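Visitor: My structure is below; once you've seen it, I'll send some questions.
The values are calculated or read from the model by the stated rules, or taken from the named source; none is laboratory data. Predicted model, so just to flag it, every value in this text is computed and none were measured. All Cβ positions, glycine included, derive from the backbone under ideal geometry; neighbour counts span all protein chains shown. Ligands, DNA and RNA are stripped out before the accessible areas are found, and what is left, the full protein with its side chains, is counted by its heavy atoms. Shrake-Rupley method; radii C 1.70, N 1.55, O 1.52, S 1.80 Å.
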Amino acid sequence: TYQGGSQIFKTTDGGVSFTALDGMPETSSPQAMGENLLITINTNRIYVSMDGGMTSEYIPMPVDGMTSLNGGHFLSADTTLYLVGSAGMVMKTQDLGQSFVHLNALPRENLQSICLNENGEGYAIGGKFHVAHTTDHGENWSFVDWGEDHRFYQSVVATGANRFLIGTEAGIQIVENNNIVSTVERSCYLLYKSPYNGDIFAVFSDLGLV
């Protein structure tokens, strides 16, 4: 967890106590896998810790005029890190930032969130209309048109082999086999799935509730 945008804290007892991780100099967009891998992601850099945040390595991003990591990110079970950002950027690294592959040149729309399931199917979303779909771990993408008007797409999580939840300003879409099967009509700007027990948390925009 992180507090006030100033420091990252770690708990190993379900939140009863916390330890400050002084080895992580930044707190932006933290991602953790297991007990030791911890990553923070900022506009043009990431920090990677392999010892639970005691120490970390600074990794600058390649500067090409198109890269901004202020969008979403997704860390898969095999520690492949997917990133989306401004100008339709979709990237991945399989060596924790030592090298990156640009997966797609989408139209210039800021992408906010990305998620892939274990089969390699997933979505990168953002803005009013942009929903990009992949079935091959991000090697190829196609745009999805569900015929909806001006929804701001903000967050996505995988909940099953062919099932996803997509949070928008107009509600949470339940997607199966690349089709919307139902919608929870309540504005949602963040979805999170626990990697430990599969629980899903939603932050609703109207009341700021979880």
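Visitor: Of all residues in the range 33-44, how many are open to solvent by 40 Å² or more (accessible area, probe 1.4 Å) and at pLDDT 85 or above?
Guide: Start the filter on the range 33-44 by keeping residues that are open to solvent by 40 Å² or more (accessible area, probe 1.4 Å), which leaves 33-36, 43-44.
Of the ones still in play, those that are also at pLDDT 85 or above are 36.
Counting residues in the range 33-44 that are open to solvent by 40 Å² or more (accessible area, probe 1.4 Å) and at pLDDT 85 or above gives 1.
Visitor: OK, next. For Ile180, state whether it is under 18 Å from Glu118 (Cα atoms) and modelled with pLDDT of 90 or more.
Guide: Numbers: under 18 Å from Glu118 (Cα atoms): no; modelled with pLDDT of 90 or more: yes.
Judged against the criteria, Ile180 is not a match.
Visitor: Out of everything in the range 119-132 that is assigned to a loop (DSSP other than H, G, I, E, B) and modelled with pLDDT of 90 or more, what residue ends up being surrounded by the most Cβ atoms within 10 Å (Cβ to Cβ)?
Guide: Taking the range 119-132 as the starting set, the residues that turn out to be assigned to a loop (DSSP other than H, G, I, E, B) are 119-121, 127-129.
Those still in the list that are modelled with pLDDT of 90 or more too: 119-121.
Working: Asn119: 12, Gly120: 13, Glu121: 21.
Going through the qualifying residues, I end up with Glu121.
Visitor: Condition first: basic (Lys, Arg), within 24 Å of Asn110 (Cβ to Cβ) and open to solvent by 70 Å² or more (accessible area, probe 1.4 Å). Now tell me which residues in the range 151-210 satisfy that. Break it down stepwise before answering.
Guide: First pass over the range 151-210, keeping only residues basic (Lys, Arg): 151, 163, 186, 193.
Of the ones still in play, those that are also within 24 Å of Asn110 (Cβ to Cβ) are 151, 186, 193.
Those that are basic (Lys, Arg), within 24 Å of Asn110 (Cβ to Cβ) and open to solvent by 70 Å² or more (accessible area, probe 1.4 Å): Arg186, Lys193.
Visitor: Related question: What number of residues in the range 138-150 are among the small types (Gly, Ala, Ser) and surrounded by 20 or more Cβ atoms within 10 Å (Cβ to Cβ)? Talk me through it step by step, then tell me what you get.
Guide: Pass one, the range 138-150, residues among the small types (Gly, Ala, Ser): 138, 142, 147.
Subset that is surrounded by 20 or more Cβ atoms within 10 Å (Cβ to Cβ): 138.
Summing the residues that are among the small types (Gly, Ala, Ser) and surrounded by 20 or more Cβ atoms within 10 Å (Cβ to Cβ) in the range 138-150 gives 1.
Visitor: Which condition does Val144 not pass, out of (1) in contact with a His (Cβ under 8 Å, 6 or more places away or on another chain); (2) at pLDDT 90 or above; (3) aliphatic (A, V, I, L, M); (4) farther than 19 Å from His73 by Cα, if it passes all the others?
Guide: Unmet condition: (2).
Visitor: Another question, if that's okay. So which of Thr93, Thr135 ends up being hydroxyl-bearing (Ser, Thr, Tyr), open to solvent by 40 Å² or more (accessible area, probe 1.4 Å) and modelled with pLDDT of 80 or more?
Guide: Details: Thr93 fails: open to solvent by 40 Å² or more (accessible area, probe 1.4 Å).
Within the list Thr93, Thr135, the selection yields Thr135.
Visitor: Okay, next question. Among all residue pairs at least 6 apart or on different chains, which show Cβ distances below 9 Å where the first residue, located in the range 19-39, is part of a strand (DSSP E or B) and the second is aromatic (Phe, Trp, Tyr)?
Guide: Correct list of pairs: Thr19/Phe9; Ala20/Phe9; Gln31/Phe74; Leu38/Tyr47; Ile39/Tyr47.
Visitor: If I go through the range 62-83 residue by residue, how many of them are crowded, with 21+ Cβ neighbours inside 10 Å and modelled with pLDDT under 60?
Guide: Here the count works out to 1.
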